[in-house]
1. Starting from residues that are small (G, A, S) and closer than 18 Å to E40 by Cα, keep the ones in the range 235-269 and report whichever is modelled with the lowest pLDDT.
2. Assess whether N537 counts as being closer than 29 Å to I412 by Cβ and modelled with pLDDT under 95.
3. Could you go through the range 478-497 and let me know if any residue there is in a helix (DSSP H, G or I), touching a Phe, Trp or Tyr at 6+ places or on another chain (Cβ under 9 Å) and closer than 19 Å to L427 by Cβ.
4. Looking at the range 311-323, can you tell me whether even one residue there is over 25 Å from V377 (Cβ atoms), open to solvent by 10 Å² or more (accessible area, probe 1.4 Å), not in a loop (DSSP other than H, G, I, E, B) and not β-branched (V, I, T)?
5. Looking at the range 498-513, which of the residues that are among the charged types (D, E, K, R) and part of a strand (DSSP E or B) is nearest to A426 (Cα to Cα)?
6. Which of the following residues is without any contact (Cβ under 8 Å) to a residue 40 or more places away in the chain, open to solvent by less than 10 Å² (accessible area, probe 1.4 Å) and of a type outside the set (S, T, Y): L378, L384, L367?
7. Taking helices (runs of 4 or more DSSP H) that do not extend beyond the range 8-65, which have at least 2 residues that are touching a residue at least 60 places away in the same chain (Cβ under 8 Å), more than 24 Å from Q214 (Cβ to Cβ) and open to solvent by less than 40 Å² (accessible area, probe 1.4 Å)?
8. In the range 258-293, what residues are within 26 Å of V247 (Cβ to Cβ) and of a type in the set (D, E, K, R)?
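The values are calculated or read from the model by the stated rules, or taken from the named source; none is laboratory data. None of these values were measured; they are calculated from a predicted model. Counting neighbours? That spans all protein chains shown, and the Cβs are built from the backbone with ideal geometry, glycine included. Keep in mind that these areas ignore ligands, DNA and RNA; they rest on the heavy atoms of the full protein, side chains included. Shrake-Rupley method; radii C 1.70, N 1.55, O 1.52, S 1.80 Å.
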Amino acid sequence: MKRTVKLPIGIENFEKIRTEGFYYVDKTGLITELLNNWGEVNLFTRPRRFGKSLNMSMLKYFFSYDCDTALFDGLAVSEEKELCKKYMGKFPVISVTLKNVDSRHYEGALYALHAVIRDEARRFRFLLEDGQLSREEEQDYLHLIQSLPVRSLDIPASEEIIRGSLLLLSRLLHGYYGQKIILLVDEYDVPLDKAQQYGYYDRMVDLIRGLFGQALKTNEHLFFAVLTGCLRVAKESIFTGLNNFKVRSISNVPFDEHFGFSDSEVRSMLAYYGLENRYDLIKKWYDGYRFGNSDVYCPWDVINYIDLLRFEPNASPEAFWLNSSGNAILRTFLQKADEQTMEELDQLVNGLPVTKTIREELTYRELYDSIDNLWSVLYTTGYLTKRRKTEQNTYELVIPNQEIRVIFIEQILSWFQEEVRKDALALNAFSEAFRTGDAPKIEQMFSSYLRQTISIRDTAVQKEKKENFYHGILLGLLSHQRDWVLKSNAESGKGYSDILVKIKSISLGIVIELKYSESRNLESACQKALEQIEEKNYADQLIDDGMTTILKYGIACRRNTCMVRMAAP
């Protein structure tokens, strides 16, 4: 291979990656293990961005009758000669993804689900060509591949078409080829997630139960099926009576290396692009997930950061996972958190484990019933990972890496700002204390605010990072005042001041320097902050901007408390 091989950011099509010059991390071992550890219906649950869709595409291209065997040249599965001879290119494959069935309304979701299955069914138009179908089968197939206008949607008829759609295609393809089919359903749980969010859960559960019940439970035309999703939805919810069902979750050892990147795979990729010197940083930020007995990296993050480094060699890591999707589950968790839960979040952010009993099998209706269920959801969706199992279904949980830690802190701060803004009178009083020079009041109120959120005390975190955390809290509280002009880390005098405030209506300027104290000697940290304000002439910018009165504050923080000192006029 040449160094021109591109990185497959957001590309989930196996054929495209293999034919258009993209770097591919070989996951074809999944095929071998799948065939050697037989399950008629296989469900793989993994967090988002761990390669589920690409693996499903790989399975489609391997098993399909029109398989291009060259796609697998040089890959691990190609060494399994007997297996390839028996299974490669030997099956009709039905492959659908439900990731875009996410309407706010049931009718829209119904239409989207029909469109997904309809488009897949249209791949098999050859079924109409040789007269093998009975008149009834032909009519059923034509109903399936026709478009249904939203405005004239006949809900009961459309539901009936969808419920029987996968079974119908299975029967027709089995009859045409004389070979049982393979069914692939990617992101099977997205319609249920959206239905729960937007209030039509019961109707969607009934529809999906009918679809999967016919396709997976009573389908004599099925060779095997593979489903993927983020959550392991309770069997009684949509898989009622399905006894041929194997669940492969993040807690299971089988298949644990086939989703996500192993350490050796990351090292190989870094070596290929000449970025070995970034290994420690990538490991700190994107490793740490524990699937079964394997430690894995998030592929989405690794690929995005390596791509960034190719053009910006000194670029810092970013929370790519945060930007790739919403964090509604974490926000819901924070909204339900009590004082005990906030204490446990404080532990997690500071690198300590919490011990929780995990329920991996939940219905979407149950997800938000209790804070205990939400711990389980954070585990299964990748916000937390297991350090070790303590007893049956009970684990020591930790935040997996620096990226997820950043996401927790950002989301907690955002939630905290929303909560405190609900009490405008208290925020006004807090700001007024800064305006009038009431240091004791600032100290009392800021300490009270800090006790409402988490602290940063992890010894592995640099002091500068700790200061940034408290800086962010204070800046958010002061930004409530719309007639104040705030500047953060603004260049002034001989350096960069933490926070500068201009209140133009009264020509008042405020300089705030914040320190994190590693010891209980907050007084000393406050004095260092005030000395830095004077030594660096941080007030110069405010004076140049016409502020005639300048107030200077040194603030020291430690965990959930602070001390405030004010420079003499």
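1. G241
2. Considered against the rule, which asks whether it is closer than 29 Å to I412 by Cβ and modelled with pLDDT under 95, N537 comes out as no.
3. Yes: the range 478-497 contains one or more residues that are in a helix (DSSP H, G or I), touching a Phe, Trp or Tyr at 6+ places or on another chain (Cβ under 9 Å) and closer than 19 Å to L427 by Cβ.
4. yes
5. The extreme case among them is K502.
6. L384
7. Output list reads 29-36, 52-63.
8. E265, D287, R290
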